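The values are calculated or read from the model by the stated rules, or taken from the named source; none is laboratory data. Quick caveat, the model's predicted, so the values are computed rather than measured. So basically every Cβ, Gly included, is an ideal-geometry build from the backbone, and we count neighbours across all protein chains shown. For the accessible areas, the whole protein counts, side chains as well, though only heavy atoms, and no ligand, DNA or RNA atoms are used. Shrake-Rupley method; radii C 1.70, N 1.55, O 1.52, S 1.80 Å.
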Amino acid sequence: CSSDLLAEINAVQQLLLAQTRPDLAALAILAFYQHRLIRRSSRLSPQLCAVFARLGYTRRAEQLARSLTYRGPQVQALAEIAAVVGETDPVGASRLADEAEQLAHAIEGDWSQAEALFNLATAAVQAGDYERAERLSRTIKIPEWMAAALGGLAGAVAAMDSLRARRLADEAEKLVGSITDPGPRDAALQRLATTMAAIGDIDHAEQLVRSIEPSSWPQATALRAVVAALACSGRYGQAKQLADSITCLRSRLGALADLVKALAEADPDWSGRVADEAQQLAKAEEEAQQLAPGSRDLRPLVVGLAEIAAALAATDRDRSHRLADKAEQFARQAADPG
C-alpha cells in the first residue's frame, strides 16, 4: 500500500539523515520514489475506494483512502467507505466516519474545510445517519456550502419528517439570501430550488429558478429538477412546458428523459412521443456539430442520449440499446481525453 511505503521511506530517510555523513545518493533515490508515490496517490479518485469497499475489499479500501495525498480526498474516500460499510457493520462505519471527521476539522482554509465537511455530511445522509449529517452541516463556515448540506439533508428526510425538512430548507434559504457574489449565489439558488422541489414545494422552487441568471448552467440544472418534481407529481403538461423552456441542450434532454420515465406507465403513447422529440433534438445537434467540426462538444449528446436510453430501458429495450450504442459512439469520437 502506498501509505505503508511512504512511511517506510520516511523512516529510512530519518535514519540516513541521523548519520554523520548521510548517503546523498541514497537520499536522492528515496526522494525520487517518494515523489512518484505521492504523484500517483494524488491522481486516484476517492470513489475508487468506495468501489473496493462495495466489492468486499474493505481493508484494501481503507489503506487506499489513507494513502491519498491530500486530506480533502481522504475525507471523501473514508466517508464513502463508511456509507458502504454501514449496511453491514455500523460500528466500523462509525469509526471511519469519526476518523474522516477529525481529518476534515484539521484541514486548513475555510473553503477547503467547508468542501470536505460538505462531502462528509453528504456521505452521512447516504448512510442514513441524519443526526451526524445535521451536526456536521452546522460546523461549515461558508454559507453556500452549509446551505447545500442542509438542503441535501432536507431532501433526504422529506418523506419521513416533513416538518424537519421544511425547517432545514427554510434555514438553507436564509443562508442563500446572505450570499452577495452572483456566481456562488446562483449555484446556491440552484441547489436550493432542487431542495424545494424534493420536499414538494414545487411552485416555490420554480420561483427560485426564475431568480437565477437566465440561460445559465445553474438555471438549466435547477429547471430540470423542477421538471422531474412536476412529472413525479403528475403535472405532466406543466413539466413538458417547463422542459421546452430550457435552453441548455444537456439539461433539456435530461428533463425530457425524466418526463419519458414518469409517463411510461401513465401514458405510454405520450412517453414515446416525448422520446421521439428528444431524439430529434439530439439529431439536430449532431447535424449542427458536423457543420462546425472545429468546435465540437459531444458531451451533451453523450449524456443526453444515455439518459434517454436509461429512461426507455424498462419499456422499450431495443430502442434503449440503440440509443446507448449511439451515445457510446459519440463518446469514443470525443477528442478531449478527459
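Judged by the gyration tensor of its Cα atoms, with axes a ≥ b ≥ c, region 208-282 is oblate; a/c meets the 1.5 cut and b/c is at least as large as a/b.
The residues of the chain expose, per residue, 53 Å² of accessible area to a 1.4 Å probe. Ranking 82, 162, 196 by Cα position along the charge dipole of the chain, where only Lys, Arg, Asp and Glu carry charges on their C-beta atoms, puts 82 farthest toward the positive end.
Using a 1.4 Å probe, how large is the accessible area of residue 283, given in Å² and rounded to the nearest 10? Taking all protein chains as shown, residue 283 has close to 110 Å².
Ligands, DNA and RNA aside, residue 276 has an accessible area near 80 Å² when probed at 1.4 Å.
Could you order 232, 49, 248 so the one with the most accessible surface comes first? Probe is 1.4 Å. Spell out each step's value before the answer.
Working: 232 115, 49 0, 248 35 Å².
If we order 232, 49, 248 from most to least accessible, we get 232, 248, 49.
An oblate overall shape is assigned to region 86-180, the ratio a/c of its alpha-carbon gyration tensor axes (a ≥ b ≥ c) being 1.5 or greater and a/b not exceeding b/c. Heavy-atom surface analysis with a 1.4 Å probe gives region 70-216 a carbon and sulfur content of 52 percent of its accessible area.
The fraction of accessible area contributed by carbon and sulfur in region 220-318 is 49 percent, rounded to a whole number (1.4 Å probe; ligands and nucleic acids excluded). At a threshold of 8 angstrom on Cα-Cα distance, excluding pairs fewer than six apart, so keeping six or more, what relative contact order does the chain reach in percent? Normalised by residue count, the contact order of the chain is 8 percent. Reducing region 110-172 and region 183-251 to their Cα centroids gives an inter-centroid distance of 20 Å. Counting only protein heavy atoms and using a 1.4 Å probe, the accessible area of residue 246 comes to about 0 Å². Under the criterion of Cα pairs below 8 Å and six or more residues apart, the relative contact order for region 143-251 equals 22 percent.
Along the axis of the charge dipole computed for the chain (Cβ charges of +1 for Lys and Arg, -1 for Asp and Glu, origin at the Cα centre), the listed residues 233, 264, 315 are led at the positive end by 315. Taking Cα centre as origin and charging only the Cβ of basic (Lys, Arg, +1) and acidic (Asp, Glu, -1) residues, the dipole magnitude of the chain rounds to 700 debye. In plain terms, the chain from residue 36 to residue 98 could stretch by 19.3 nm, reckoned as 0.36 nm per residue minus the Cα-Cα distance.
Starting from the residue with the highest accessible area, list 160, 196, 146 in decreasing order, probe 1.4 Å.
160, 146, 196
Taking every C-alpha pair closer than 8 Å and separated by at least 6 residues, the mean separation divided by the residue count of region 1-159 gives a relative contact order of 16 percent.
Checking the a/c ratio against 1.5 first, then a/b against b/c, what shape does the Cα gyration tensor give for the chain? Verdict is prolate for the chain. With every protein chain in place and a 1.4 angstrom probe, the accessible-area ranking of 87, 115, 171, largest first, reads 87, 115, 171. Here region 102-168 is treated with +1 on each Lys and Arg Cβ and -1 on each Asp and Glu Cβ, and its dipole about the Cα centre works out to around 280 debye.
At 0.36 nm per residue, minus the direct Cα-Cα distance, what do residue 297 and residue 210 gain on full extension? Give it in nm, one decimal, please. Can you show the working numbers first?
Details: separation 87, 0.36 × 87 = 31.32 nm, distance 2.72 nm.
My answer for the length gained is 28.6 nm.
Between 211, 27, 246, the Cα set farthest toward the positive side of the dipole of the chain (charges on each charged residue's Cβ, about the Cα centre) is that of 27.
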